[in-house]
Amino acid sequence: MPQPTLKASQAGIEKAKTALKRKGWRPEDLAANVKRGGTIGISLQTVNKFLANKKGVNTDYFIAICTALELHWPDIEKLDEEPININYNNPFIPKHGKIDEPRFFFGREREIRRVFETLNSGSSVAIIGERAIGKSSVLQAIYREAPNQLHHPRQPIYLDLKNVCDEDDFYGALCDKAGIETAKGYLLERTLESHRLLLLLDEVEKMTWDGFTNQVRGQLRGLAEGNNAPLRLVVAACTSLDTLFPDSQDRNMTSPFKGICIEENLTQWDERISREFIVSRLQASWLTPIAQPVNFTEKEITGLIAESGGYPQKLMQLCYQTYAGYIN
């Protein structure tokens, strides 16, 4: 009887390769460190088969490889490329919130290219834009592309500050995602000497709330300064960081992010991008073909773009409603 096998999703393979880089391993090192039963080590051929992702790998080997990489194997195996059946699902999804699936992300190529140019030049980045303009989705795209776009490898860490209560909780979350013991101040600086992280902070406005002081922002600045700094930052905010954190200036101190974060502004989509988005969703390759596909009229497209004002989330919601009118 054939042995049961598992095959990683494309997103899962990207996570596995990121974990491999984080550990500083080659495929040979991974093969030597896989524990299965009472033995250590598997064949390099099996590891290469796993990373090539063309055929399934024996279930025991698959789980053991993920464990060696400190990954949760169901997340790696989860199928994220299943076609969506257009008969039952509206293609204009998700209607709100950040877009973290690559097939649903659209546009912003120029902005993302400039972000990586800035990071590779040795500076950190502040992504500035109004609410619902797509900052969180861009952060997710940077997180995904970091292993391939950074000239010098860094472990990408995404941290949504909406889920962080206070300063202590922030340090705990940061250290947990970095795989180190919780620390702050000098102990954190010393621990991170052997690490190179790309820290993506969403909803950085949270750092102005009670429970956060300029001390934590100052430490982030210290860890992100210099060509070989342990941290590079990409922070997302609705307003300029100098405006957002004026407390340092009031005390004649250097603003925590001044000089280390180059601002990249996200603006509304223009008509061309909006049209391309609508067409891409109606004709997406991941949709199941049907006999009579839905197409919007020119009048509908013009109206949708005008009403959305170029805000991606608003355009998505309006298109969702228009499409629903066709199928209902």
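The values are calculated or read from the model by the stated rules, or taken from the named source; none is laboratory data. What you are looking at is a predicted structure, and each value in this text was computed from that prediction instead of being measured. Virtual Cβ from ideal backbone geometry, glycine too; neighbours counted across all protein chains shown. Ligands, DNA and RNA are excluded from the accessible area calculation, which covers all protein heavy atoms including side chains. Shrake-Rupley method; radii C 1.70, N 1.55, O 1.52, S 1.80 Å.
Computed values, structure above
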read-out: Test: residue 141 is without any contact (Cβ under 8 Å) to a residue 60 or more places away in the chain, touching a Ser or Thr at 6+ places or on another chain (Cβ under 6 Å) and aliphatic (A, V, I, L, M); value: no
read-out: All positions within the stretch 276-328 that are more than 27 Å from residue 130 (Cα to Cα) and small (Gly, Ala, Ser); value: 284, 285, 291, 324, 325
read-out: Filter result for the condition that a residue is farther than 26 Å from residue 308 by Cα and within 22 Å of the chain's Cα centre (by Cα), over 58, 120; value: 120
read-out: Exclusive hit being open to solvent by 10 Å² or more (accessible area, probe 1.4 Å), under 30 Å from residue 276 (Cβ atoms) and of a type in the set (Val, Ile, Thr), set 127, 99; value: 99
read-out: Complete set of residues in the stretch 287-316 that are at pLDDT 90 or above, crowded, with 16+ Cβ neighbours inside 10 Å and within 28 Å of the chain's Cα centre (by Cα); value: 305, 308, 310, 311, 312, 313, 314, 315, 316
read-out: Candidates 12, 56 - the one that is of a type outside the set (A, V, I, L, M), at pLDDT below 85 and crowded, with 20+ Cβ neighbours inside 10 Å; value: 12
read-out: Qualifying residues in the stretch 24-53 (those that are touching a residue at least 12 places away in the same chain (Cβ under 8 Å) and closer than 25 Å to residue 149 by Cα) - the one surrounded by the fewest Cβ atoms within 10 Å (Cβ to Cβ); value: 28
read-out: Criterion: over 23 Å from the mean Cα position of the chain (by Cα), closer than 21 Å to residue 125 by Cβ and either open to solvent by 30 Å² or more (accessible area, probe 1.4 Å) or of a type outside the set (A, V, I, L, M) (or both) - qualifying residue of 185, 218, 211; value: 218
read-out: Filter result (within 14 Å of residue 67 (Cβ to Cβ) and either part of a loop (DSSP other than H, G, I, E, B) or of a type in the set (Gly, Ala, Ser) (or both)) within the stretch 33-52; value: 34, 37, 41, 42
read-out: Long-range neighbours under 8 Å by Cβ, at least six apart or interchain, first residue under 20 Å from residue 60 (Cα atoms) within the stretch 7-23, second open to solvent by less than 90 Å² (accessible area, probe 1.4 Å) and among the aromatic types (Phe, Trp, Tyr); value: 8/50; 8/62; 16/50
read-out: Residue list for the stretch 218-268, restricted to those being among the charged types (D, E, K, R) and either part of a loop (DSSP other than H, G, I, E, B) or at pLDDT 85 or above (or both); value: 221, 225, 232, 251, 258, 263, 264
read-out: Residues satisfying the stated conditions in the stretch 135-158, i.e. closer than 14 Å to residue 203 by Cβ and either among the small types (Gly, Ala, Ser) or open to solvent by less than 10 Å² (accessible area, probe 1.4 Å) (or both); value: 136, 137, 138, 139
read-out: Candidates 114, 110, filtered to the one that is open to solvent by 50 Å² or more (accessible area, probe 1.4 Å), under 25 Å from residue 231 (Cβ atoms), modelled with pLDDT of 80 or more and out of contact with any helix residue (DSSP H, G or I) (no Cβ under 9 Å at 6 or more places or on another chain); value: 114
